[in-house]
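Trainee: Sharing a structure with you now.
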């Protein structure tokens, strides 16, 4: 099952996702994660424990980042530790170009 | 092989001693033949030396006294042959040195010299002078059995031999026939004998042994051999004896046609001879003095009831030919022309003639061996088209002898010929439109399409290209191991499509929006199929709610329908459609084929031509698109009004006088002119850069 863990200091938050990023997750992201993360200027998203994604899951991720940016013009968001097979999917849909060079590391 | 020398001496004993010295051997290791006894003369006159032949034996043996006399007899004959130089073989010769002891009195002119005569090297060393010999071109000189590679001394004891090479090639020949057995070709490569003849050399202290190359052509081909070979190939007909003789006598390699059959004479298919030419191009006519008469450009032929339009000629059969094996070759089959009579025509005289039963313009459509002939009716309107006459809509051709006035419509399936102006009118024909004067604020459209369809097709091609790539990207994505299809049940392919359109296929949206926009603008004239396509594309790519189009099957079906629609409308033959007018202002002109503006020019008008655009005057303001290139006398204006000329990447734009404000675009490359230019011919070079 999907779970997450957030570590935070002043302006900075780090979120670890565990499990598949798919349609099931959209509600948790919308209702729980989004309200928490909007408080921070710098957000790091760890995908090291995400083995599978689906289109809706990627859509949710894009939507989350867009919301954070709209909320705070100076926000800095980075996604890290993407698994190679998931990276293949991201490459296919050109996620780097969608989110911007600096987001996907 | 035993080594032997001929040795000369004043008497037999001296000769033997000389010979033994030459062979560097003893008397008991040789056999000796006395070839000539010495003859004593008086003061050298009539004096003959003694000659002996000394042969070195492998094993020591003695000549049996009994046979001595016989031996002498035999070897005398051999010696005489050797002494007769005429009989020596020139190509392979054994030369021998006949060393003669130097005479003490009366100096011999040959002394100390070497010479070659009849292929034999002879030398006469003197006490102070040993002559030398160098092997030269074409010969191999052996000295005592060893091949010489450089200059060698000729001493009395040496034994010389000259060898020359010989090369013989045989005559080769071959008989071939073409696939129809119509021509028999004899290929001959005559044989050759190449040999070297040793060149005689005058006595000298040094000489070079040389030979000259002699080539002898030897064509060994015989008449009988050719005939036998032809018999094997079953060639019995159409011999060319002169050529066979030429082939067997030739000294050069060559091909000879030694037999030929008779070609069949092809007949003619049935054909239609038109008495009136319906394809006579409507357009300006040349006067006898070479100038152009723009007013005589309405030659559209008309036939009357009962007039014979065409004669149908039956096929003419061909004459069979014969091949070289005397088998007949049938000529190509000929077929009759099938004539289908359409509206206003009938066949008479057993289907040999086509006659008009109505008055109008004859029209012939051909497809292989089928010709369809019909009469297009013609409407002649004798005055202006206005409120009192009403709009004109007609199935055939229309001639309007006056003008078409404000808000009036003329529509025809055939040619439209307007003798005066079109003022804020709408003229459309599925064929050509000729406006003898001007178009003021009018919309003129010629062709089976209209402006909208051609634009829709253009955009749909762009959409289809991206769409098929979108489908293959989706298929690819589904094969990736980390990609889950958990959302497919509830949302279909919508989330994937949305993701891919976000960035990767964003470029599909521009033509798609254009397509929908043109569809909206032209919904009154466009066929339903275009509106259906627009709606389906919108639901598939722009909807935010999942629908029936978001499945792989439906995507593929849609791609197929696009291709079908493109194919059906893209390659319509519109060459016969054309628009010709004198002057256009604030007008929109569409033509499936060419557009010619023959008079003063074109102001603030929009022209779209499926063919070429030719403007004899000025193009000022507006936009023209010419699928097959544009040729314009003057563009732009001193005031800098923007004038745009667009052609596809493989076409040219030529303008005699370019003024400020002219923008040309070839393919996707644009150029704006900021100043004047004369005589430009713009095109793209190999690297895609615009040059002029």
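The values are calculated or read from the model by the stated rules, or taken from the named source; none is laboratory data. Quick caveat: nothing in here was measured; it's all calculated off a predicted structure. Cβ coordinates were reconstructed from backbone atoms using ideal geometry, including for glycine residues, and neighbour counts include every protein chain displayed.
Trainee: Given (1) over 46 Å from the mean Cα position of the chain (by Cα); (2) in contact (Cβ under 8 Å) with a residue 12 or more places away in the chain; (3) over 21 Å from residue B:454 (Cβ atoms), identify the lone condition not met by residue B:504.
Mentor: (1)
Trainee: If I filter region B:492-506 for residues that are surrounded by fewer than 14 Cβ atoms within 10 Å (Cβ to Cβ) and either at pLDDT below 90 or assigned to a loop (DSSP other than H, G, I, E, B) (or both), do I get at least one hit?
Mentor: No, region B:492-506 contains no residue that is surrounded by fewer than 14 Cβ atoms within 10 Å (Cβ to Cβ) and either at pLDDT below 90 or assigned to a loop (DSSP other than H, G, I, E, B) (or both).
Trainee: For region A:73-94, give me each residue that is facing chain B (nearest Cβ under 8 Å) and either over 17 Å from residue B:487 (Cβ atoms) or exposed (fewer than 15 other Cβ atoms within 10 Å of the Cβ) (or both).
Mentor: A:83, A:85, A:88, A:94 - these are the residues of region A:73-94 that are facing chain B (nearest Cβ under 8 Å) and either over 17 Å from residue B:487 (Cβ atoms) or exposed (fewer than 15 other Cβ atoms within 10 Å of the Cβ) (or both).
Trainee: Still on this model: Filter region B:473-490 down to the residues that are surrounded by 14 or more Cβ atoms within 10 Å (Cβ to Cβ) and either in a helix (DSSP H, G or I) or more than 7 Å from chain A (Cβ to nearest Cβ) (or both) and list them by number.
Mentor: Answer for region B:473-490, where residues must be surrounded by 14 or more Cβ atoms within 10 Å (Cβ to Cβ) and either in a helix (DSSP H, G or I) or more than 7 Å from chain A (Cβ to nearest Cβ) (or both): B:473, B:474, B:477, B:478, B:488.
Trainee: Restricting to region A:2-17, count the residues that are out of contact with any helix residue (DSSP H, G or I) (no Cβ under 9 Å at 6 or more places or on another chain) and either part of a loop (DSSP other than H, G, I, E, B) or surrounded by 15 or more Cβ atoms within 10 Å (Cβ to Cβ) (or both).
Mentor: Selection size over region A:2-17: 5.
Trainee: Another question, if that's okay. Which of the residues belonging to region B:614-626 are buried (at least 20 other Cβ atoms within 10 Å of the Cβ) and farther than 21 Å from residue B:660 by Cβ?
Mentor: Selection gives B:625, B:626.
Trainee: Identify all residues within region A:18-29 that are more than 14 Å from every other protein chain (Cβ to nearest Cβ) and assigned to a strand (DSSP E or B); write none if there are none.
Mentor: If the condition is that a residue be more than 14 Å from every other protein chain (Cβ to nearest Cβ) and assigned to a strand (DSSP E or B), then A:18 is the only one that fits.
Trainee: Could you run through region B:664-682 and say how many residues are part of a loop (DSSP other than H, G, I, E, B) and more than 40 Å from the chain's Cα centre (by Cα)?
Mentor: 4
Trainee: Taking the residues in region A:1-15 that are within 21 Å of residue A:56 (Cβ to Cβ) and touching a strand residue (DSSP E or B) at 6+ places or on another chain (Cβ under 8 Å) as candidates, determine which candidate is nearest to the other protein chains (Cβ to nearest Cβ).
Mentor: The qualifying residue nearest to the other protein chains (Cβ to nearest Cβ) is A:2.
Trainee: Let me ask something else about it. Considering every residue within region B:154-173, establish whether at least one is under 40 Å from the mean Cα position of the chain (by Cα), loosely packed, with under 12 Cβ neighbours inside 10 Å and closer than 30 Å to residue B:234 by Cβ.
Mentor: Taking every residue of region B:154-173 in turn, at least one turns out to be under 40 Å from the mean Cα position of the chain (by Cα), loosely packed, with under 12 Cβ neighbours inside 10 Å and closer than 30 Å to residue B:234 by Cβ.
Trainee: Scan region B:179-213 residue by residue and report those that are loosely packed, with under 13 Cβ neighbours inside 10 Å and touching a strand residue (DSSP E or B) at 6+ places or on another chain (Cβ under 8 Å).
Mentor: B:200, B:202, B:206, B:212
Trainee: Tell me whether region B:452-470 contains one or more residues that are in contact (Cβ under 8 Å) with a residue 24 or more places away in the chain, facing chain A (nearest Cβ under 9 Å) and in contact with a helix residue (DSSP H, G or I) (Cβ under 7 Å, 6 or more places away or on another chain).
Mentor: No: region B:452-470 contains no residue that is in contact (Cβ under 8 Å) with a residue 24 or more places away in the chain, facing chain A (nearest Cβ under 9 Å) and in contact with a helix residue (DSSP H, G or I) (Cβ under 7 Å, 6 or more places away or on another chain).
Trainee: How many of the residues making up region A:38-72 are over 10 Å from the mean Cα position of the chain (by Cα) and more than 21 Å from residue B:487 (Cα to Cα)?
Mentor: Residues flagged as over 10 Å from the mean Cα position of the chain (by Cα) and more than 21 Å from residue B:487 (Cα to Cα) within region A:38-72 amount to 13.
Trainee: Among the residues in region B:438-448, are any closer than 28 Å to residue B:361 by Cα, touching a helix residue (DSSP H, G or I) at 6+ places or on another chain (Cβ under 7 Å) and more than 14 Å from chain A (Cβ to nearest Cβ)?
Mentor: So far as region B:438-448 goes, yes, one or more of its residues are closer than 28 Å to residue B:361 by Cα, touching a helix residue (DSSP H, G or I) at 6+ places or on another chain (Cβ under 7 Å) and more than 14 Å from chain A (Cβ to nearest Cβ).
Trainee: Looking at region B:345-363, which of its residues are assigned to a strand (DSSP E or B) and farther than 14 Å from residue B:414 by Cβ?
Mentor: Answer for region B:345-363, where residues must be assigned to a strand (DSSP E or B) and farther than 14 Å from residue B:414 by Cβ: B:345, B:346, B:347, B:348, B:353, B:354, B:355, B:356.
Trainee: Identify, please: which residue in region A:44-61 is assigned to a helix (DSSP H, G or I) and more than 7 Å from chain B (Cβ to nearest Cβ) and is, among those, surrounded by the most Cβ atoms within 10 Å (Cβ to Cβ)?
Mentor: A:57
Trainee: Evaluate the following for residue B:528: is it exposed (fewer than 13 other Cβ atoms within 10 Å of the Cβ) and away from chain A (no Cβ under 12 Å)?
Mentor: Against the criterion (exposed (fewer than 13 other Cβ atoms within 10 Å of the Cβ) and away from chain A (no Cβ under 12 Å)), residue B:528 qualifies.
Trainee: Also, I was wondering about something else. With respect to residue B:254, is the statement that it is at pLDDT below 85 and in contact with a strand residue (DSSP E or B) (Cβ under 7 Å, 6 or more places away or on another chain) true?
Mentor: no
Trainee: Go through (1) outside any loop (DSSP other than H, G, I, E, B); (2) away from every other protein chain (no Cβ under 14 Å); (3) buried (at least 16 other Cβ atoms within 10 Å of the Cβ) one by one and return the number of the condition residue A:70 breaks.
Mentor: (3)
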